[in-house]
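Undergrad: First the structure, which I've put down as structure tokens, then a few questions once you've had a look.
The values are calculated or read from the model by the stated rules, or taken from the named source; none is laboratory data. Predicted, not measured: the structure shown is a model, and the values here were computed from it. Backbone-built Cβ (ideal geometry, glycine too); neighbour counts: all protein chains shown.
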Amino acid sequence: MSRDKILAAVKLNQPAALPLPDMDVLNNLTNVRTDLVTKYKTVATAGGTFVHEVNGFDKIKAILKQNFRPEVKIISALNEPSDYIYTDTVKFEDRHNFADVELTILRSNLGVAENGALWLTDKQIGSRVLPFIAQHLAVVIGKDDFVPTMAQAYQVIGDADYGYGSFISGPSKTADIEQSLVIGAHGPRSLSVFILS
Amino acid sequence: MSTATDKHHPQLAADFNRDEPRVNWHDETLWWVRAKRDMAAHKLPEWELLRETASQIKLNVLSNLSSYLEQFEANANKNGIIVHWAQDAAEHNQIVYNLLEQRGIRKMVKSKSMLTEECHLNEYLKEQGIDVIDSDLGERIVQLANEPPSHIVLPCIHKKKEEIGDIFHEHLGSAKGESDPKILTETARQHLREVFLTRRAALTGVNFAVAETGEFVICTNEGNADMGAHLAEIHIASMGIEKIIPERKHLGVFLRLLTRSATGQPITTYSSHFSKPQDGSEIHLIIVDNGRSVQLGREDFRNSLKCIRCGACMNTCPVYRKSGGHSYHTAIAGPIGSILAPNLDMKKYADLPFASTLCGSCSNVCPVKIDIHDQLYKWRQVIVKEGYSPKAKTMAMKAMALTLSSPALYRMGGKTGRFVFKYAPFAVNNKFNPWYNQREMPKAPDQSFGEWYAKRKGAKN
Amino acid sequence: MRVALFVPCYVDQFYPQAAIATLELLEKLGCEVHYPKNQTCCGQPMANSGYEHLTGGCNSLFVDNFSGFDYIVCPSGSCTLHIKEHLHADGKEMQAAEIRKKVYELTEFLVDVLRVKQLGASFPYRVGLHQSCHGLRGLRIAQMSELVADPFSKPGQLLNMVSGLELVTPGRADDCCGFGGTFCVVEEAVSAKMGKDRVADHVSHGVQYITSADLSCLMHLEGILRRQNSGVKVIHIAEILNNSL
């Protein structure tokens, strides 16, 4: 059987065991908590994300209303009572039906200041394709939900049990044609992030 | 798509250099990527510690690989991922085909996977009548051009936008003469959206597979891997055995290094962690050896398996920048490809370790600190010892060795008979000498230093 | 201080003036310089071509020539690095190990061992510094552009002691010149292109001279400059540091 042959060959050829490095030095070195929101905003904006600092859900709705006409299909994971389709109600729908979603609104509880990444798991996403298939994506996050680097992000995630999770750091993009940056490759054409105070 | 050629790197590089403005453009474009990498790295004071930590994690992985693979398999199984094992490219391709065949699937969408390039999966499936569409924009472009990727991260970096415009006009119906990257990308978006929505099977690569949790991570900027995988009923992921990392927290090291090294971005747009299949779908993971366990046994070369496929060594390599990815005639070009390929076929790739000046820049940008240029030097020794070096070269080297072992032979013959004139490649002033094509030979002084010194008053020997 | 002068084969035969400048400079700085006259080559041309196994005779001769000195100094980073990394000799391994420790490239010897603070040299020209890869990334005589680490440059430090000299930094601080030993003929197209691009970079910054701690790179760049009938000249760093001392 191939499995056993591969494992036997690997076992035969691998060198004597070497230890794992100490991660604490790196983790502590990067655990600088000064003004993570400002750092996040700088990095995320440079990556093409629109960042809004808001004081409540009404403000979010108001901003979204300016950009999205009421008749477009919007799916939202926010618990707030809203005019939008709630993710849980479409969780078991054929995911191909989301092809016409204009905007997906999700809630993240973990943002990374150094790279603008926001952590989302399938509990927050509902159907996995939603943050990708929508023409636009919006994510709501609390101002205290940021960590400095990926080192702290994985400390927060710990041994969480998820079926799927993704760090999303901006709109879908490509630079495959002559290294020219184009926003809106296959996924959302924009990412708006609302930081709740 | 393999590069169907019997030509070796020097000839293919010479072909590439016939169009000098194009070489300049290629060189400048990649140097710009290298410069972006430098800027990203310099923003992190802890950069060198990160590299060292990543290197040590990977060394630990290689030294415990068999148990990590078993641990990963057990955890992936628990998560509901179906794990397959393939000893070589043929077995990998067969597994993919069987999975499709059993479900009556004739069309598949595929995101970037250098492993499937190495296995020539697309050609194989095409022969079986399976339609495969690459969804990464760069890969789709080279697929339509019927070429292999020339770079592992930037597959069509060798193509100009006007050429891409022509390809899109012919295959995707874009306007004739349209070469605006925004418009061409939109054309591909519309075309591939239709593909994503109609494919029952999606194949992806794997960037990292976590032994501790049985999950695997895929990084893209376009979102194409996620679009394909989430819309399909079967997600096939292909990975080499070396993609394992021990624990989830180690992602916090590798994800910080990968994209900064690759393109200078702080992270990819999407870093997606697949742990369990979603309802109504299956995830099949194929773990592929294809020569890797052999490389693991080569003490001098096993560290090449630390590679996380960021492409930084290509962007910094002056030879890669000025010869183009296709001149390496292998799936993975550049410095890293030149130390991986001889393991697969020493005769076919005997030229690649010599396609380098051993300048060492590759080893310095490598995020996992692979001693790439030292391995190039070591491969040269192995290739000569195994007899894959031209006979004439061996004769010349033997004569040279004899001369250099003997001061008398070395000094013999006066000015025109001097050693360097006999053996140095640049010394013969005629059109058959490759040095003389584009460079003047050095002027011969009246006396050598040794001759000058012998006449010097009070010379100490 | 007994210093053995190790003159690479191509310097001996093509660029004696660089070796003479090295010798004179070391003597003026108080070294007792010896030139072992039976020296030939470090063996790198064979080793880099994959024939390290043929370098036994060459290595043995090197050990015979260079044992017993306080230091061995060489006006070439590449040859120095080769000795440091690859000198081994059957039956003479102790001496070989001693030599590997004591061999220095000229500029690192001047900075690290002699701790030169002033030179009294003069060279009133715009000079571009070409960093040879083996000196830079092998011997680390200057900081490498790829690393996130504090900058320094031993050749730069010395050149800054030369009165009238204007040190000009090229656009790409440490890109390879493309010489690479037999690479220069085996991969003629890429090698020549790399050399042309280095030359163009320096020329576009208005240099009058290109200098380096390695003559093999300079020989390559000179071949290109002369083919282009350029007025820009190459000069080994020892000749600048020894000028009007």
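Undergrad: For segment C:150-165, check the following and say yes or no: at least one residue is surrounded by fewer than 16 Cβ atoms within 10 Å (Cβ to Cβ) and within 14 Å of another protein chain (Cβ to nearest Cβ).
TA: yes
Undergrad: Of all the strands (runs of 3 or more DSSP E) wholly in segment B:45-157, which have at least 1 residues that are within 25 Å of residue B:169 (Cβ to Cβ) and touching a helix residue (DSSP H, G or I) at 6+ places or on another chain (Cβ under 7 Å)?
TA: Counting at least 1 such residues, we get B:107-110, B:131-134.
Undergrad: Name the residues in segment A:158-184 that are aliphatic (A, V, I, L, M) and at the interface with chain B (Cβ under 7 Å from one of its Cβ atoms), would you?
TA: Matches in segment A:158-184: A:168, A:177, A:182.
Undergrad: Just wondering, is there one or more residues in segment A:72-79 that are basic (Lys, Arg) and touching a helix residue (DSSP H, G or I) at 6+ places or on another chain (Cβ under 8 Å)?
TA: yes
Undergrad: Going residue by residue through segment B:71-81, is there one that turns out to be within 23 Å of the chain's Cα centre (by Cα), surrounded by 16 or more Cβ atoms within 10 Å (Cβ to Cβ), within 24 Å of residue B:256 (Cβ to Cβ) and modelled with pLDDT of 95 or more?
TA: The answer is no, given that none of the residues of segment B:71-81 is within 23 Å of the chain's Cα centre (by Cα), surrounded by 16 or more Cβ atoms within 10 Å (Cβ to Cβ), within 24 Å of residue B:256 (Cβ to Cβ) and modelled with pLDDT of 95 or more.
Undergrad: Turning to a different aspect of this structure: Which numbered condition trips up residue B:267, out of (1) under 30 Å from residue A:96 (Cβ atoms); (2) within 12 Å of another protein chain (Cβ to nearest Cβ); (3) touching a residue at least 60 places away in the same chain (Cβ under 8 Å)?
TA: Checking residue B:267 against (1) under 30 Å from residue A:96 (Cβ atoms); (2) within 12 Å of another protein chain (Cβ to nearest Cβ); (3) touching a residue at least 60 places away in the same chain (Cβ under 8 Å), the one that fails is (3).
Undergrad: Restrict the check to segment B:318-326 and report whether at least one residue is more than 9 Å from chain C (Cβ to nearest Cβ), part of a helix (DSSP H, G or I) and aromatic (Phe, Trp, Tyr).
TA: Checked against the condition, which is being more than 9 Å from chain C (Cβ to nearest Cβ), part of a helix (DSSP H, G or I) and aromatic (Phe, Trp, Tyr), segment B:318-326 yields at least one hit.
Undergrad: State yes or no: is residue C:187 away from every other protein chain (no Cβ under 12 Å) and acidic (Asp, Glu)?
TA: Considered against the rule, which asks whether it is away from every other protein chain (no Cβ under 12 Å) and acidic (Asp, Glu), residue C:187 comes out as no.
Undergrad: Here's a follow-up. Determine whether segment B:186-197 contains at least one residue that is under 19 Å from residue B:232 (Cβ atoms), acidic (Asp, Glu) and away from every other protein chain (no Cβ under 13 Å).
TA: No: zero hits.
Undergrad: While we're looking at this one, here's another question. Please enumerate the residues belonging to segment B:351-410 that are over 25 Å from the mean Cα position of the chain (by Cα), crowded, with 19+ Cβ neighbours inside 10 Å and assigned to a loop (DSSP other than H, G, I, E, B).
TA: B:405
Undergrad: Could you identify the single residue in B:18, B:37, B:103 that is under 21 Å from the mean Cα position of the chain (by Cα) and either surrounded by fewer than 20 Cβ atoms within 10 Å (Cβ to Cβ) or at negative phi (or both)?
TA: Residue meeting the stated conditions: B:37.
Undergrad: Applying the selection to segment B:389-407, what residues are over 13 Å from residue C:182 (Cβ atoms) and more than 9 Å from chain C (Cβ to nearest Cβ)?
TA: B:391, B:395, B:399, listed by residue number.
Undergrad: Here's another thing I want to ask about it. Would you check which residues across segment B:126-141 are among the aliphatic types (A, V, I, L, M) and surrounded by fewer than 23 Cβ atoms within 10 Å (Cβ to Cβ) and list them?
TA: If the condition is that a residue be among the aliphatic types (A, V, I, L, M) and surrounded by fewer than 23 Cβ atoms within 10 Å (Cβ to Cβ), then B:130, B:132, B:133 are the ones that fit.
Undergrad: Which condition number in (1) within 11 Å of chain B (Cβ to nearest Cβ); (2) of a type in the set (Phe, Trp, Tyr); (3) surrounded by 15 or more Cβ atoms within 10 Å (Cβ to Cβ); (4) over 30 Å from residue B:264 (Cα atoms) is the one that residue A:119 fails?
TA: In the conditions (1) within 11 Å of chain B (Cβ to nearest Cβ); (2) of a type in the set (Phe, Trp, Tyr); (3) surrounded by 15 or more Cβ atoms within 10 Å (Cβ to Cβ); (4) over 30 Å from residue B:264 (Cα atoms), residue A:119 misses (4) alone.
Undergrad: Could I ask something else about it? Among (1) assigned to a loop (DSSP other than H, G, I, E, B); (2) under 21 Å from residue B:308 (Cα atoms), which single condition is residue B:6 missing?
TA: Unmet for residue B:6, out of (1) assigned to a loop (DSSP other than H, G, I, E, B); (2) under 21 Å from residue B:308 (Cα atoms): (2).
Undergrad: Step by step: first the residues of segment A:16-43, then only those that are at the interface with another protein chain (Cβ under 10 Å from one of its Cβ atoms) and in contact with a Gly (Cβ under 9 Å, 6 or more places away or on another chain), then the one that is nearest to residue A:169 (Cα to Cα). Which residue is that?
TA: Across segment A:16-43, the extreme among qualifying residues is A:43.
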